[in-house]
Amino acid sequence: MSQNETVERPVNFIRNIINADLDTKLHENVQTRFPPEPNGYLHIGHAKSICLNFGLAEDYKGQCNLRFDDTNPAKEDLEYVESIKRDVSWLGFNWSGDICYSSSYFDQFYNYAVELIKKGLAYVCFLNADETREYRGTLTEPGKDSPYRDTSVEDNLALFEKMKNGEFKEGECVLRAKIDMSSSFMCMRDPALYRIKFAHHHQTGDTWCIYPMYDFAHCISDAIEGISHSLCTLEFQDNRRLYDWVLENLNDFDRPDRPHQYEFSRLNLEYTVMSKRKLHQLVDDGLVEGWDDPRMPTISGMRRRGYTPASIRDFAERIGVSKVDSMTEMGILEAAVRDDLNKVAPRTMAVMDPIKVVIENYPEGEVESIQAPIHPQNEEMGKREIFFSRELYIDRADFMETAPNSKYQRLAIDKEVRLRNAYIIKGERFETDADGNFTTIYCSYDPETLGKKPADGRKVKGVIHFVEATKALPAEFRIYDRLFTVENPAKEDDFEAVINPDSLVVKNGFVEPGMAGSEPEKAYQFEREGYFCRDNKSANQQVYNRTVALRDTWSQQK
């Protein structure tokens, strides 16, 4: 049996390529990498790439590196390095060996640049930014050669060393590849390989004042690490020509088994933005709480909101891998987390818009203990203790003075309803405040209906949730919704103008006393309300973030 026959996964074009390479012995093993730039927090689009790269290595019994492509110190920070490490680990993946950094190869990059200069394939160019744009040409007109293109090899070597020694100002010159200024691919019109930046680097300090461009460093990093299949998103499709050109023109890597780049479609998710620049803008402009705001599409934000690693991995599996860009429905992501949480989330009750209920025929001062299932479909999870007494809280939406029709299955005057896991009660009368708002509902209960149907055979179909008043814990509920009001905010001239003003609604109510020991990020199903988790940053233990509603109601509103 060949190695590819042991893989039991949905077929996609990347797996077909890997299978063919293993069968022809072009590669003996699969070596992938996840190469984030540490200039922001990872988002759900990166999660797709993480699952792909680490998942392929795992399935083919290969290896996957975590490598930081840290070639732009002006935009990078150790905060982002640490957040990325946390996110990858939280998703359930382990990188091979030590963490890699492109900055670890700076000496090698420099030497390879010198090799290209010696071969007459790179030169130091002093055109300013405006001149560079002018010489570059357009999509319909070819560029023209820089006046510095024919500088001698000896002079270019000396100039490049001066760049390295800090003898030129930032932006005064760059090292450019000598390829083809008339190429139909803009990335091949003598692209920059090195630029000057007097910026402190989080790994190398002030050792360097020249830094390689991403396209130069990325392919060489892949080659140094022995990456067999370099996977990236479709916007780098044209850049594959530069990727190949660099490696083909360096003696160490001009061989059949060198890395090859393959592109797949990036994740575009409804009602979100995936641009790091736009995510930075949301944070910097104070429109969200931070990178881990539960409305953000960042992995840390989704974690804080209550998404699980399993649900995100399942989502990546559901959307698959292709070469066609498309917009992914938010409902697919939400279905993935619902399916996961439905199996694992303990059940409990929470009243988010409370109104007091007084059971007039229940003894005063008595509190009754009732056993309720932690999970109705999983008896192995055991029981939880809930309470019942003369005073309870129910949700305001579960009471009307008069039932509007025979299909109404909540509490009303002269109408019965069952309290979840407890007794049947009947609305008798109510009190209101000066504005006509209900303040207290007075009810009677049938003491013979705990866990049983009424003895006289009357049918009570409605079931509502409740929390016993004397032991209830005050709680804050953060109801999160989509951050934007339009499906594709990235297309808007001003994406901040379409932020959803109701993306966060805060409510105050009560939870069962058993929630006193709830853990941050642990998922619970608040029965009839949705899936929630305790916020991982709030000093108040009883702050809960809604992960997702019990069913998709958004798509029905569109």
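Tabulated data
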quantity: Set of lysines with alpha-carbon distance to LYS118 below 20 Å, sequence-local pairs under 8 removed; calculated: LYS162, LYS164, LYS178
quantity: Nearest 10 degrees, 0 to 90: helix 214-225 Cα axis against the chain principal axis; calculated: 90 degrees
quantity: Whole-number percent relative contact order across segment 108-230, with pairs defined as alpha carbons under 8 Å at least 6 apart; calculated: 24 percent
quantity: ASP98 paired with TYR408, simple spin-label distance in nm, labels 7 Å along Cα-to-beta-carbon; calculated: 7.2 nm
quantity: Helix-only [θ]222 nm of the chain, DSSP H runs n ≥ 4, -39500 (n - 2.57) each, per residue, nearest 500; calculated: -7500 deg cm²/dmol
quantity: Between segment 153-167 and segment 29-45, the alpha-carbon center distance in angstrom; calculated: 33 Å
quantity: Angle in degrees between helix 106-118 and the longest Cα principal axis of the chain, rounded to the nearest 10; calculated: 40 degrees
quantity: Label-point gap, in nm, between LYS491 and ARG149 - each point 7 angstrom along Cα→Cβ; calculated: 3.9 nm
quantity: Test item: Cα-centred dipole of segment 341-457, Lys/Arg +1 and Asp/Glu -1 on Cβ, debye; calculated: 600 debye
quantity: Magnitude of the charge dipole, segment 376-437, Cβ model with Lys/Arg +1 and Asp/Glu -1, debye to 20; calculated: 260 debye
quantity: Antiparallel DSSP beta bridges within the chain, percent to nearest 5; calculated: 65 percent
quantity: Charge dipole magnitude, Cβ of K and R +1, D and E -1 - segment 3-264, Cα centre, debye nearest 20; calculated: 180 debye
quantity: Listed residue (ILE18, GLY40, LEU78) projecting farthest to the positive dipole end of segment 1-154, Cβ model; calculated: ILE18
quantity: Length gained when the stretch GLU248-LEU139 is fully extended (0.36 nm per residue, less Cα-Cα span); calculated: 36.7 nm
quantity: Over 26 Å between alpha carbons, listed pairs LYS415/LYS522; LYS85/LYS278; LYS61/LYS278; calculated: LYS415/LYS522; LYS61/LYS278
quantity: Label point distance in nm, ASP284-ASP257, each placed 7 Å from Cα along Cα→Cβ; calculated: 4.6 nm
quantity: Sites ALA455 and VAL506, calculated FRET efficiency, Cβ-Cβ separation with R0 41 Å, nearest 0.05; calculated: 0.40
quantity: Extended-chain gain in nm, criterion 0.36 nm per residue less alpha-carbon gap, ALA158 and GLN541; calculated: 131.5 nm
quantity: Length-normalised contact order of segment 247-329 in % [C-alpha pairs under 8 Å, at least 6 apart]; calculated: 35 percent
quantity: Contact order relative to length of the chain, as percent, for alpha carbon pairs under 8 angstrom and 6 or more apart; calculated: 12 percent
quantity: Residue-span extension gain [PHE185 to GLU317] - 0.36 nm each, minus C-alpha spacing; calculated: 44.2 nm
quantity: Of LYS75/LYS197; LYS169/LYS276; LYS356/LYS426, pairs whose Cα-Cα distance is over 19 Å; calculated: LYS169/LYS276
quantity: Within segment 350-465, percent of DSSP bridges classed antiparallel, to nearest 5; calculated: 75 percent
quantity: Footprinting exposure proxy for VAL114, VAL30 (fewest neighbouring C-beta atoms within 10 Å first); calculated: VAL114, VAL30
quantity: Degrees between helix 44-59 axis and first principal axis of the chain (Cα, 0 to 90, nearest 10); calculated: 80 degrees
quantity: Antiparallel DSSP beta bridges within segment 3-264, as percent of all bridges there, nearest 5; calculated: 50 percent
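No value in this document is a laboratory result; all are computed from the given coordinates. Remember, predicted model here, so these are calculated numbers, not experimental data. FYI the Cβ positions are ideal-geometry reconstructions off the backbone, even for glycines, and counts take in every protein chain you see.
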